[in-house]
Amino acid sequence: MNDVRLHNVHYNPQAGAFEARVDIDRGQTTFRYPCQVPGPMTMDMDQVCLSLTRQALRMSDTGANLRSRF
């Protein structure tokens, strides 16, 4: 099972999107992904977090190059 954590979720008004670093723990390894979800500043925070999590899981499942491993 994956353990997913969001860090420093914030709104970037220039990009018109929420941004965060999302960590996914798989076994003894943590993968970190920079994620961005476009939307208005008034977007529901539960939806923002769900979208950020889904984006990181997709990146993790596809072996995307934009990740760091610790």
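Bear in mind that the values in this text are calculations on the coordinates, not laboratory data. Predicted model, so just to flag it, every value in this text is computed and none were measured. All Cβ positions, even for glycine, are placed from backbone atoms using ideal geometry, and neighbour counts span all protein chains on display.
Overview of results
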quantity	calculated
Residue list for region 26-64, given a label point 7 angstrom along the Cα-to-Cβ vector of residue 2 and an amide N cut-off under 11 Å	26, 31-33, 53-64
Acute angle (nearest 10 degrees) that the helix 45-62 long axis makes with the longest principal axis of the chain, alpha-carbon atoms	40 degrees
Expected 222 nm ellipticity per residue - DSSP helices of 4 or more, -39500 (n - 2.57), all of the chain, to 500	-8500 deg cm²/dmol
